[in-house]
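The values are calculated or read from the model by the stated rules, or taken from the named source; none is laboratory data. All figures in this text were calculated on a predicted structure; none of them were measured in a lab. All Cβ positions, even for glycine, are placed from backbone atoms using ideal geometry, and neighbour counts span all protein chains on display.
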């Protein structure tokens with residue numbers, strides 16, 4: 001299916017414990033849902049690459065039978081492609097096997113074709129061909145701390161990858177291990193966790209070993225990042241050298257989500273969870289919290305969300321788009337997915353009764369089938385084609 005420029009439309013990819021669903025909209029108010037794709041396979045990671053003329057959806061699929069790999073679609077889910085030898089495979093001599101792909105991160109438009117992946121066992125990978133083949137980052141894999149990195153409750157995860165505009169400054173966060181920084185594009189790495197608590201360890205302020213749940217970069221201020229920790233919400237203004245708490249004003253400092261605005265300085269979103277013993281929204285009342293001043297104050301956002309909710313929101317089960325105003329999206333472990341077209345001020349339910357939502361990714365896409373038609377007709381046609389292909393399974 002070919003694409004041509006048209007008015008904005010929106011795609012929302014929802015990865016669950018038992019497959020992938022895709023939603024399309026022309027206005028971020030009415031959504032059409034298709035799926036499941038890869039039914040009964042876990043979808044812990046999704047990347048939507050909009051840097052080229054044709055959007056590419058990349059999906060980390062984990063089948064109990066076929067194992068994990070990255071598949072991609074260049075027609076919004078109508079068809080899927082998997083490299084014959086697998087997209088990610090540990091080299092001989094590493095004595096390791098891929099368990100799960102936790103993160104798929106398209107780099108900037110200045111580096112077309114470059115896509116990063118964070119995996120289990122804890123490792124970082126880089127593709128230069130749009131996510132079809134990945135190469136292991138040896139600097140992190142052979143780091144002296146590697147043997148001491150542990151597994152969080154969900155597994156050993158390299159779950160966050162942040163690359164600055166130049167491409168030389170790369171941050172990775174892992175559970176458990178903390179934040180690591182490279183100043184040479186990934187050739188070498190140093191732990192950067194000063195100020196982040198590891199209260200569960202004999203030394204609560206170690207060099208590494210923190211259970212950082214998610215990091216994200218400020219869109220404007222170079223060297224400013226935000227972190228959601230296993231108890232603790234933090235900000236650094238000096239490229240990770242020092243982290244300071246910004247949890248004051250939140251109902252809980254535990255959670256998994258950390259999102260930042262794609263254009264505006266100081267704006268970030270979190271979803272607080274009460275922990276450790278309960279792992280539910282505080283008082284059973286689900287809410288997103290947003291800061292517009294880099295964490296000095298927080299605003300509770302819950303209009304349109306249910307009065308009672310006892311399911312958590314996982315680290316990658318939330319996303320923002322690049323529209324104006326920015327859309328905010330998230331899914332729960334109870335299978336509900338919510339969307340906001342006004343930066344979280346109001347939400348509406350897009351999907352319900354899905355399996356556990358593991359990953360949500362949203363994007364603004366341009367393109368309708370080359371045969372023409374209105375954006376609404378294009379959405380309908382794309383959804384119908386995706387639905388027809390929903391039984392697609394990975395090849396043997």
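Quick notes
- Per-region count, the stretch 150-162, residues surrounded by fewer than 17 Cβ atoms within 10 Å (Cβ to Cβ) and assigned to a strand (DSSP E or B): 1
- Scanning the stretch 294-322 for residues that are closer than 21 Å to residue 236 by Cβ and over 23 Å from the mean Cα position of the chain (by Cα) yields 296, 297.
- Filter result for residue 102 (closer than 30 Å to residue 276 by Cα and either surrounded by fewer than 19 Cβ atoms within 10 Å (Cβ to Cβ) or out of contact with any helix residue (DSSP H, G or I) (no Cβ under 6 Å at 6 or more places or on another chain) (or both)): yes
- Filter result for residue 62 (closer than 26 Å to residue 323 by Cα and within 18 Å of the chain's Cα centre (by Cα)): no
- Filter result for residue 147 (free of Cβ contacts under 8 Å to residues at least 24 places away in the same chain and in a helix (DSSP H, G or I)): yes
- Matching entry among 278, 309, 248 (being more than 24 Å from residue 105 (Cβ to Cβ) and touching a helix residue (DSSP H, G or I) at 6+ places or on another chain (Cβ under 9 Å)): 309
- Breaking point among (1) in a loop (DSSP other than H, G, I, E, B); (2) over 21 Å from the mean Cα position of the chain (by Cα); (3) modelled with pLDDT of 95 or more, for residue 202: (3)
- Among the candidates 261, 289, the residue that is over 16 Å from the mean Cα position of the chain (by Cα) and closer than 15 Å to residue 329 by Cα is uniquely 289.
- Taking the criterion of being more than 15 Å from the chain's Cα centre (by Cα), more than 14 Å from residue 76 (Cα to Cα) and part of a strand (DSSP E or B), the only residue of the stretch 11-39 that qualifies is 19.
- If you check 77, 53, 113 for being surrounded by fewer than 23 Cβ atoms within 10 Å (Cβ to Cβ), in a loop (DSSP other than H, G, I, E, B) and modelled with pLDDT of 95 or more, only one passes: 113.
- Residues of the stretch 341-367 that turn out to be crowded, with 16+ Cβ neighbours inside 10 Å and at positive phi, as a count: 3
- Flag for residue 125 being within 17 Å of residue 160 (Cα to Cα) and modelled with pLDDT of 95 or more: yes
- Only one of the listed residues (43, 48) is within 15 Å of residue 354 (Cβ to Cβ), out of contact with any helix residue (DSSP H, G or I) (no Cβ under 9 Å at 6 or more places or on another chain) and modelled with pLDDT of 95 or more. That residue is 43.
- Single condition residue 53 does not satisfy, out of (1) under 20 Å from the mean Cα position of the chain (by Cα); (2) farther than 26 Å from residue 356 by Cα: (1)
- Top-ranked residue of the stretch 337-384 - restricted to ones that are part of a helix (DSSP H, G or I) and either within 20 Å of the chain's Cα centre (by Cα) or within 19 Å of residue 53 (Cβ to Cβ) (or both), ranked as modelled with the lowest pLDDT: 375
- Entry remark, the stretch 195-208: residues being touching a strand residue (DSSP E or B) at 6+ places or on another chain (Cβ under 9 Å) and either surrounded by fewer than 20 Cβ atoms within 10 Å (Cβ to Cβ) or farther than 21 Å from residue 140 by Cα (or both) number 6 in total.
- Residues of the stretch 96-110 classified as within 23 Å of residue 154 (Cα to Cα) and either at pLDDT below 95 or not in a loop (DSSP other than H, G, I, E, B) (or both), total: 6
- Each residue in the stretch 116-131 was checked for being in contact (Cβ under 8 Å) with a residue 24 or more places away in the chain and either surrounded by fewer than 18 Cβ atoms within 10 Å (Cβ to Cβ) or over 17 Å from residue 81 (Cβ atoms) (or both), and 10 of them qualify.
- Which numbered condition residue 148 fails, given (1) over 22 Å from residue 15 (Cβ atoms); (2) touching a helix residue (DSSP H, G or I) at 6+ places or on another chain (Cβ under 6 Å): (2)
- Verdict on residue 187 being surrounded by fewer than 20 Cβ atoms within 10 Å (Cβ to Cβ) and either over 22 Å from the mean Cα position of the chain (by Cα) or not in a strand (DSSP E or B) (or both): yes
- Output for the stretch 238-283, where each listed residue is assigned to a strand (DSSP E or B) and closer than 23 Å to residue 338 by Cα: 254, 255, 259, 260, 268, 269, 270, 272, 273, 274, 280
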